[in-house]
Structure formats: structure tokens, C-alpha cells
Amino acid sequence: MAQYSASIITIGDEILIGQIVDSNSAWLADYLFHAGFEVKEIRSISDQPEHIQQTLDDAIATTDLVLLTGGLGPTNDDRTKFALNAYFNGEMVLNESVLDDIKAFIVKKRGYLKLIENNKAQALVSDKATVLRNPIGTAPIQMFNKSGTLIVSMPGVPFEMKHVFEHKVMAELHKHFVLEAHAYRTFHVVGYPESELANKLEQWENDLPESLELAYLPSPGVIRLRLKDQVNHTHNINVQAKKLYEILGSQIIAEGKEKVEFTLGKILKDNNKTISVAESCTGGLLGHRITSVAGASAYLKGGITAYSNEAKEKQLGVNSATLEKHGAVSEAVAKEMAIGAAKAFNTNYAISTTGIAGPDGGTETKPVGTVWIGFYLEGEVYAQSFLFTHDRMVNMERTATVAMYNMIDWLRKS
């Protein structure tokens, strides 16, 4: 089976000056990998025509597929389609079907038709392109072919790009390429720093068959291990996966692309159990993550964000003497917060978070990044301490992630 290569090019000065983060490339790279492509490079470039054309030269010379996003809007600084048309020596023509789509889109959005010149301009396409219509926006997709390489230009707005790629572009890719998904499995491991995990798995990793490739993918609170077979033999992966489970056991919390909040929700739902949260340092992020899963109302009864000591006392029933003796960031307070949440919402389980998210507020005994997470488990109460980084947002994300992973671990042991 052929191995196809791909390049991803995101276009826009707003990316290069840091005004927006390029999330399109990460999403596309992940999708392409799962579809069976090998992504050779990702580039973010300016919208200058000569830069677009030079980058196309490089990409077409080395890859089978080139995906471009951005620069297809209705304003004068959206230059991608004109640069592509010039590159392929075409003529810009008005596509009546695209114009009809634009009119329908405007009526749906506004309730009436008011067409301005910028709207009409979006119906201009290259006569060298195969045009795919955009069902949720005004910028059509254009496809070109040169020297056996397929070039696809898509809108840069992330939700639009994702929709047209999944519902329009992938069907075209299946026409042009004989795709076979990569054989791989991904394991979510908790409880180890990356270096310790690598040391524990050293012998197992050394004994892997030559066709297997292991990658460590660390993220806040969890390390994902991706085991991929270069020749797509799933049997080899499954044999080694069994050995990996024998080594790590319950430290493997989940597999695949499944998010931790989905795994937690599934366990709760399958066992007809409920949970609540009491948050200080995460400021509602933990509850937000849990409720991001459709159907979370079946198991999450509610949450309390108690940032001040007064709120911890009044809303969660934390004892003032506990706060005075141990401080808000402590094992005792984390436990009382978890108990308070479970009582307030009458739930089987509860999670609490209290810590020093940073970048300031730390002390010698409780430096920035110190976090206590409490767990209420049908009458039993536990708390664990962690020391994270000096970055506030990273600490909040990591605390929420670790809290859910550790709750899963507790539930599987109970």
C-alpha cells in the first residue's frame, strides 16, 4: 500500500504576528494521520502572492497533497485565490452556483437579501480549479492538480474549515488516493513523570519488533503512548499492548482519542452514580470540562466555585478553624471542600481543587504551583498534593485534568 505525503500551509499575517493561534494545522495533521497520510511539513506564511507561490513550488515538489487554509474572505487583504489563479495561469470567472449559495446564505443569516460587491467577489473562482461548494459559509473550496500533486484551498475560519474538510474534501481525497488508516493504538498513562515512565518501559521498548514505533506524547496530567506499526500489522500492536497492560495495569486510564472527561462521564453513567465539584484554583474550569460532554446532566449535579475563604466557609461548610490552622491550600481544606460539595448536591462523589495557580502568591512552604485535590467517594475522603509550574493557565488546566484522571483511578480501584 502506498504511503502518501502531505503538506499543510496556513496563510495570514495575523498568524505570523501572533494575533491568532493556528489551530487548523494541528487539527488537520491529526485528521490526515488517522486517514493514512504522512504529514511532511506545516508552514504558516504571509498572504503575499510571491510567498504563496514559492511555498507551493516547494510543497508540490515533495508531497502528494497540499492543504491551504486562509485568505479566502471578502476583503482586499484576502489574496489566496488570486495568487492560486496566477500560479496556475488561469482566469477568474464568476461561478453562478457559488453566487446562488452566497445569496441563500445571506438570506438565511439576515432574513433578506442585500448583496454587496464584496459578497459577489467571493463567487469569483479560477477557471483552472475544481470548485466544491461551502454549505456553511461564503468561500468555496478550490482544488488544483499539478505534477500529480493535489492542491486544496479551504477557508481559514476553524469551524468552517473542519466542516468542509470532513464533508467535502475527504470524499475527494478518497477519489484521488487509495487510503489505508495507520495501524496504531494510543494509551493514556497517569502517575509517572515522562523520564520515570521511560525508565519503567525501557526493557519492553527495547524488545519491540522493528516495525513498531513508540512515541511519548506528554500533556498536563497524563502521558499518551502511541504505538504505531510501520507496515500496518495490528496483530503486532495488540500483542505488545497486552504486555504494556501487564506492566502498567490501572495506570493506563484510557485509550485512543477519548478525552478524560468523556471517560469519567462514561464510568459514572454506566454505574448510575453522580458527582459534584468544589473549585477554588480552577475557577470553574473543572465543571466546564465535565459539562463539555453531551449528556453530562445525567451524572453532574452541580458545582461551587468558592475562591475566597468566606465562600469556602459559607458555601461549602469549611471550618474557619481549619482554614486558620492549615490555610486554604491544604489537605484538610481540600477534604472539607469535597465533603461540602457532596453534601450540597447530595452526590455519590465529589472533587475539590485548591491551590496557588500563580504567577505570584507562593511562599517558601507553599510555592506557586502547589495544589491539593480532594476526593469524596461515598463516605470516604482523600486528598493528594501536586506541584505544578509557574504558569497560571497551565496550572489550571493541569489541575482539572489530573483531578479527573485521579478520580477515574479511584473509581476503578473501588
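The values are calculated or read from the model by the stated rules, or taken from the named source; none is laboratory data. Keep in mind it's a predicted model, so treat the numbers as computed, not measured. Neighbour counts run over all protein chains shown; Cβ positions are idealised from the backbone, glycine included.
Numbers at a glance
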read-out	value
Failed item in (1) part of a helix (DSSP H, G or I); (2) in contact with a strand residue (DSSP E or B) (Cβ under 7 Å, 6 or more places away or on another chain); (3) farther than 30 Å from GLY70 by Cα, with GLU213 passing the rest	(1)
Segment 369-411, residues that are out of contact with any helix residue (DSSP H, G or I) (no Cβ under 9 Å at 6 or more places or on another chain), aliphatic (A, V, I, L, M) and touching a residue at least 40 places away in the same chain (Cβ under 8 Å)	VAL394, VAL402
Meets criteria (part of a strand (DSSP E or B) and either closer than 26 Å to GLY362 by Cα or without any contact (Cβ under 8 Å) to a residue 24 or more places away in the chain (or both)) for ALA278	yes
Residue satisfying all of: in segment 155-173; outside any loop (DSSP other than H, G, I, E, B) and in contact with a helix residue (DSSP H, G or I) (Cβ under 9 Å, 6 or more places away or on another chain); surrounded by the most Cβ atoms within 10 Å (Cβ to Cβ) among these	MET161
Restricting segment 47-66 to residues that are in a loop (DSSP other than H, G, I, E, B) and at pLDDT 95 or above, the residue that is surrounded by the fewest Cβ atoms within 10 Å (Cβ to Cβ)	ASP64
Qualifying residue in segment 253-274 (condition: modelled with pLDDT of 90 or more, in a strand (DSSP E or B) and hydrophobic (A, V, I, L, M, F, W, C))	no
Subset of segment 1-46 [closer than 21 Å to GLU160 by Cα, in contact with a strand residue (DSSP E or B) (Cβ under 9 Å, 6 or more places away or on another chain), of a type in the set (S, T, N, Q) and part of a loop (DSSP other than H, G, I, E, B)]	SER46
Pair list, Cβ < 6 Å and 6+ apart or interchain, from segment 128-150 residues that are in the same structural domain as LYS109 (by TED's automatic domain parsing) to residues that are at pLDDT 95 or above and of a type in the set (Phe, Trp, Tyr)	LYS128/PHE88; ALA129/PHE144; PHE144/PHE88
Segment 188-219, residues that are charged (D, E, K, R), free of Cβ contacts under 8 Å to residues at least 12 places away in the same chain and within 24 Å of ASN406 (Cβ to Cβ)	GLU196
Test: ASN346 is surrounded by fewer than 23 Cβ atoms within 10 Å (Cβ to Cβ), touching a residue at least 12 places away in the same chain (Cβ under 8 Å) and out of contact with any helix residue (DSSP H, G or I) (no Cβ under 6 Å at 6 or more places or on another chain)	yes
Those residues of segment 111-139 which are at pLDDT 95 or above and touching a helix residue (DSSP H, G or I) at 6+ places or on another chain (Cβ under 6 Å), in sequence order	SER126, LEU132
Qualifying residue in segment 230-249 (condition: part of a loop (DSSP other than H, G, I, E, B) and either farther than 30 Å from THR149 by Cα or touching a residue at least 60 places away in the same chain (Cβ under 8 Å) (or both))	yes
Residues of segment 217-227 satisfying the condition of being at pLDDT 90 or above and surrounded by 15 or more Cβ atoms within 10 Å (Cβ to Cβ)	ILE223, ARG224, LEU225, ARG226, LEU227
Matching residues, segment 174-191, being of a type outside the set (A, V, I, L, M, F, W, C) and assigned to a strand (DSSP E or B)	TYR184, ARG185, THR186, HIS188
VAL231 being touching a strand residue (DSSP E or B) at 6+ places or on another chain (Cβ under 9 Å), under 16 Å from MET407 (Cα atoms) and either among the hydrophobic types (A, V, I, L, M, F, W, C) or outside the structural domain of THR389 (by TED's automatic domain parsing) (or both)	no
Any hit, segment 34-46, residues being surrounded by 14 or more Cβ atoms within 10 Å (Cβ to Cβ), assigned by TED's automatic domain parsing to the domain that holds LYS168, closer than 21 Å to ILE136 by Cβ and of a type outside the set (Val, Ile, Thr)	no
